[in-house]
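Engineer: Let me begin by handing over the structure; questions about it come next.
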Amino acid sequence: MLINGNTPIEELKGVGPKTAGYFNSMGIRSLEDLLRHFPRTYLVFGGLKKISELKDGEIAAVRARVDSVGNIRRVKNNMTILPIEISDDSGKMTIKYFNMPFMAKAVRNGGYYVFRGRVKAAGREFTLVQPRKYAYDEYTDLSGRFQSIYPLTKGLKNSQIVKAVSSALSKACFSEDYLPEEIRNRYSLPESGLAYRYIHNPESEQEAGLGRRRLAFDELFFFIMYLRKNKELLTDSPNTCPMIESAEVTRFIEKLPYKLTRGQSKAVKDMISDMTGPSVMNRLVQGDVGSGKTIVALIGLLNAVSNGYQGALMAPTEVLAAQHFKTVSDLVRKYGLPFKPALLTGSLGAAAKRKIYDGLSSGEINLVIGTHALIQDKVIYKNLGLVVTDEQHRFGVRQRETLAGKGIGPHILVMSATPIPRTLAIVLYGDLSVSTIKEMPEGRSPIKSCVVGESYRPSAYKFIRDEISKGHQIYIICPMVDEPDDEDADPELQNVVSYSEKLKEELGDRYRITYLHGKMKPADKDNILSEYAAGNIDILISTTVIEVGINVPNATVMMVENSERFGLSQLHQLRGRVGRGDKQGYAIFMTGKDNDRISERLDILAKTCDGFEIASYDLKTRGPGELFGLRQSGDFAFRVADVFADADLLTGASEFADMILKTDRHLKEEKNKLIREETEYFGRNNLDFRTI
Ligand code: ADP
Ligand code: MG
């Protein structure tokens with residue numbers, strides 16, 4: 001939709017070679033890339049408050065005088081605390097900076113500044129924790145305005161992106177809108193060019209919402225278009241990997257220490273009947289977290305291997321791949337299964353990788369487990385018969401294309417823990433058959449959950465100590481990785497690194513506390529998770545990397561900080577990490593903001609443990625145009641669209657796609673040229689696998 005979208009970002013104001021390099025590292029090379037780099041949230045700076053008006057727990061800004069800069073205190077774990085006394089005509093208070101000794105030089109005694117941060121009450125005294133400092137004029141400028149907060153990379157500041165985007169917006173030349181006015185009006189969507197301005201540079205919440213909605217429509221529309229246009233390629237292929245139902249499978253199921261649930265049995269039956277039938281399998285198994293999808297996949301893989309084919313099991317993270325590998329290796333040992341498995345991860349050395357590639361092309365390895373690297377160019381299979389994708393939602397579109405490109409058409413099984421309502425499934429999974437596992441394995445007691453505010457924190461920590469003393473383990477989730485070096489970053493969010501420092505301080509040296517996040521080296525992540533699984537870590541503080549599929553039955557408490565930042569299904573997924581064995585699981589959802597609407601939304605988590613119910617509740621209660629940061633789940637990997645909140649747009653986009661394709665099945669007509677180009681662009685740029 002951009003005529004000059006290919007303009008290199010170096011041509012934008014304020015983007016020198018160094019900044020351009022940072023942009024490139026985030027995959028942003030052109031003006032179009034930049035305009036498609038959407039804010040992840042907005043900050044609205046509220047008006048100034050008097051010190052006497054402050055309330056515990058809120059984020060507030062005060063204009064105050066610096067009365068004295070205290071001494072930097074060094075506390076254990078190499079942490080420093082810097083206290084600064086401030087006052088205004090209504091009272092006085094203390095500011096505390098952790099690990100920011102340089103702030104002592106950034107203010108001067110007697111100077112006036114605006115400080116914005118979280119208010120914390122200690123008795124009758126108030127403190128501001130890690131506030132950001134502004135000059136008064138600077139703050140009044142920002143006050144009341146919407147500030148876009150972008151996903152960042154190291155070295156790049158939010159303010160640099162804001163500047164580059166504003167230059168891009170003034171330079172951008174939009175082509176005529178592909179969407180007819182009539183449809184725009186029907187769904188209250190702004191014109192495409194305007195939508196970009198709205199989403200990057202809104203003047204009100206409403207504008208931000210409208211911009212987001214329009215871009216969500218486009219995203220859904222081109223996704224659907226892509227699926228339908230390539231339908232022949234993607235589905236209805238004959239079965240080139242015919243199999244029989246192997247006796248090995250029946251024997252294995254009989255030997256399992258538990259009985260398969262009804263849903264599991266049905267999924268197994270569906271799967272076997274596909275693999276033995278006339279067409280190649282394209283099946284989705286959806287089931288709530290903990291419903292036992294892994295065993296279903298392994299049964300499928302066992303059937304493929306017993307029929308002389310190779311199998312591949314793809315996971316979205318290396319950690320999860322390693323866990324699956326361990327499960328399989330244990331099963332091979334215990335039941336003498338015919339798997340000759342290998343774990344292929346990015347962190348392997350070149351020689352080790354080579355060996356696996358050789359094993360796959362000779363057929364010596366019959367089951368390979370790893371991330372999406374498994375189907376990349378270098379990997380040649382002797383006779384790949386089944387590919388299973390765990391916990392991801394790219395619907396296997398690109399994957400089937402890649403495989404078709406290699407001249408092979410294995411059966412495809414996709415597993416997902418994000419249940420979506422049937423009406424949406426038809427549109428999104430139009431090309432997949434669906435098996436649903438509704439019930440949980442027997443003997444599982446539901447996770448006890450509560451949604452609480454800051455004031456509950458001491459009790460939460462006490463509860464955690466009690467659980468550890470029973471020999472159990474704890475997860476704590478924070479939304480951010482580390483202290484942002486960008487001063488514009490959202491100060492309200494807990495980050496893994498400083499949080500673990502704070503917690504060590506709070507709980508003392510008695511506990512083994514470690515943190516984990518997606519930016520760590522895969523080998524380090526693996527190491528930490530194996531230590532955790534072995535029971536050598538009491539509390540693991542992590543980002544949502546552990547959201548997907550990790551299985552440590554000894555973990556009983558899942559505490560989530562800033563729960564308001566996550567979608568309901570995502571929170572539900574997270575709590576699914578505990579209570580996986582016979583021990584009672586607990587979830588504590590902390591909310592940073594004391595906001596009734598937020599607690600009300602989250603309360604459903606305390607009321608039910610049924611993922612389907614939670615998803616459909618979300619669908620009913622989430623208004624369209626809800627702002628960012630509340631996306632249902634990153635699982636669908638749409639950049640802006642949220643299949644739950646934007647359900648009406650999904651239907652609309654689907655109808656519009658039908659309308660176009662009815663008269664021009666292959667988008668050959670001149671009037672559909674734009675749509676054709678955009679659809680191709682979408683396919684090239686948006687359907688790759690998401691790794692976390
Ligand atoms: P998910 O569906 O979230 O991937 P998993 O496959 O990891 O769930 O299974 C969760 C746990 O439940 C595993 O420890 C698994 O061994 C166990 N499990 C699976 N099926 C059953 C069953 N039918 N009865 C009892 N336990 C089961
Ligand atoms: Mg799983």
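Read-outs throughout are calculated quantities, based only on the coordinates presented, and are distinct from any laboratory measurement. Note that the structure is a prediction, hence the values are computed from the model and not measured. As a convention, Cβ positions derive from the backbone with ideal geometry for all residues, glycine included, and neighbour counts pool all protein chains shown.
Engineer: Can you tell me, using C-alpha contacts under 8 Å and at least 6 residues apart, the relative contact order of the chain as a whole percent? Write out the running numbers ahead of the final one.
Structural biologist: Details: 1284 pairs, mean separation 98.2, N = 692.
Dividing the mean separation by the residue count of the chain yields 14 percent.
Engineer: Another question about this same structure. Among the listed pairs K355/K382; K583/K607; K293/K334; K92/K154, give every one whose C-alpha distance is greater than 26 Å.
Structural biologist: In this structure, K92/K154 lie more than 26 Å apart at Cα.
Engineer: So if the hydrodynamic radius of segment 46-143 is defined as the Kirkwood radius over C-alpha pairs, what does Stokes-Einstein give as its diffusion coefficient at 20 °C and 1.002 mPa s, in µm² per second?
Structural biologist: Details: Rh = 13.5 Å.
The Stokes-Einstein estimate is 159 µm²/s.
Engineer: Just tell me which lysines come within less than 16 Å, Cα to Cα, of K13; anything on the same chain fewer than 8 places away is out.
Structural biologist: Partners found: K157, K163, K171.
Engineer: Using alpha-carbon pairs under 8 Å, 6+ residues apart, how would you state the relative contact order of segment 1-147 in percent?
Structural biologist: Working: 265 pairs, mean separation 31.7, N = 147.
It comes to 22 percent, rounded to a whole number.
Engineer: At 0.36 nm per residue, and after removing the present C-alpha to C-alpha distance, how many nm does the segment from R684 to S265 gain when stretched out fully? Mind showing how you got there, number by number?
Structural biologist: Details: separation 419, 0.36 × 419 = 150.84 nm, distance 3.78 nm.
My answer for the length gained is 147.1 nm.
Engineer: Specify the angular offset, from 0 to 90 degrees and rounded to the nearest 10, of the alpha carbon long axis of helix 318-335 from the longest principal axis of the alpha carbons in the chain.
Structural biologist: Between the helix axis and the principal axis of the chain, the angle is about 40 degrees.
Engineer: Let me ask something else. Work out, step by step, the length gained on full extension between R132 and N6: first 0.36 nm times the residue separation, then minus their alpha carbon distance; give nm to one decimal.
Structural biologist: Numbers: separation 126, 0.36 × 126 = 45.36 nm, distance 3.74 nm.
That works out to 41.6 nm of additional length.
Engineer: Pairing the Cα long axis of helix 522-533 with the longest principal axis of the chain, what angle in degrees results, from 0 to 90 and rounded to the nearest 10?
Structural biologist: That works out to roughly 90 degrees.
Engineer: Want the number for L493 to K171: 0.36 nm per residue separation, take away the alpha-carbon distance, what's left?
Structural biologist: Values: separation 322, 0.36 × 322 = 115.92 nm, distance 3.40 nm.
Taking 0.36 nm per residue and subtracting the Cα distance, the gain is 112.5 nm.
Engineer: May I ask you to order 599-612, 62-75 by the average number of other C-beta atoms within 10 Å around their residues, highest value first? It would help to have the intermediate numbers written out before the result.
Structural biologist: Values: 599-612: 17.7, 62-75: 15.9.
In decreasing order of mean packing, 599-612, 62-75 become 599-612, 62-75.
Engineer: If you don't mind, another one. Using a ≥ b ≥ c from the Cα gyration tensor of segment 448-608 (square roots of the eigenvalues), is it rounded, prolate or oblate, where a/c under 1.5 gives rounded and otherwise the larger of a/b and b/c decides, a/b for prolate?
Structural biologist: rounded
Engineer: If you count, for each residue, the other Cβ atoms within 10 Å and average over each peptide, how do 104-114, 125-135, 306-316 line up from highest to lowest?
Structural biologist: Numbers: 104-114: 14.1, 125-135: 18.1, 306-316: 23.7.
Going by the mean number of other Cβ atoms within 10 Å, highest first, we get 306-316, 125-135, 104-114.
Engineer: Determine which lysines satisfy two conditions relative to K662: a Cα distance under 30 Å, and not lying fewer than 8 residues away in the same chain.
Structural biologist: Candidates past the 8-residue exclusion: K229, K231, K671, K673.
Engineer: Share of antiparallel DSSP beta bridges in the chain, in percent to the nearest 5?
Structural biologist: Values: 37 of 93 bridges.
Taking every DSSP beta bridge with both residues in the chain, the antiparallel ones total about 40 percent.
Engineer: Report the equivalent ellipsoid semi-axes for the chain in whole Å, largest first, defined as the square roots of five times the eigenvalues of the gyration tensor built from alpha carbon atoms.
Structural biologist: Values: eigenvalues 380, 225, 103 Å².
Semi-axes (√(5λ), whole Å): 44, 34, 23.
Engineer: Rounded to the nearest 500, what is the 222 nm mean residue ellipticity of the chain from helices alone, with -39500 (n - 2.57) per DSSP H run of 4+ residues and division by all residues? Can you show the working numbers first?
Structural biologist: Details: 24 runs with 266 residues, N = 692.
Value at 222 nm, helices only: -11500 deg cm²/dmol.
Engineer: What does the net charge come to around P553 if you take all other residues with beta carbon closer than 15 Å to its beta carbon, with K and R at +1 and D and E at -1? All intermediate terms of the calculation are to be shown ahead of the outcome.
Structural biologist: Working: positive: K326, R444, K470, R575, R577, R580, K583; negative: D330, E467, D582.
Result for the local shell: +4.
Engineer: Moving on. Between 0 and 90 degrees, rounded to the nearest ten: what's the tilt of helix 496-507 against the longest Cα principal axis of the chain?
Structural biologist: Its long axis makes an angle of about 70 degrees.
Engineer: Same structure, new question: Among all the lysines, which ones have a C-alpha under 19 Å from K502's C-alpha, if same-chain residues fewer than 8 places away are not counted?
Structural biologist: Reachable lysines: K76, K96, K120, K462.
Engineer: Can I ask one more? For segment 253-368, what does the relative contact order come out to in percent, with C-alpha contacts under 8 Å and a separation of six or more?
Structural biologist: On the way: 83 pairs, mean separation 26.7, N = 116.
Taking the mean separation of contacting Cα pairs over the length of segment 253-368, I get 23 percent.
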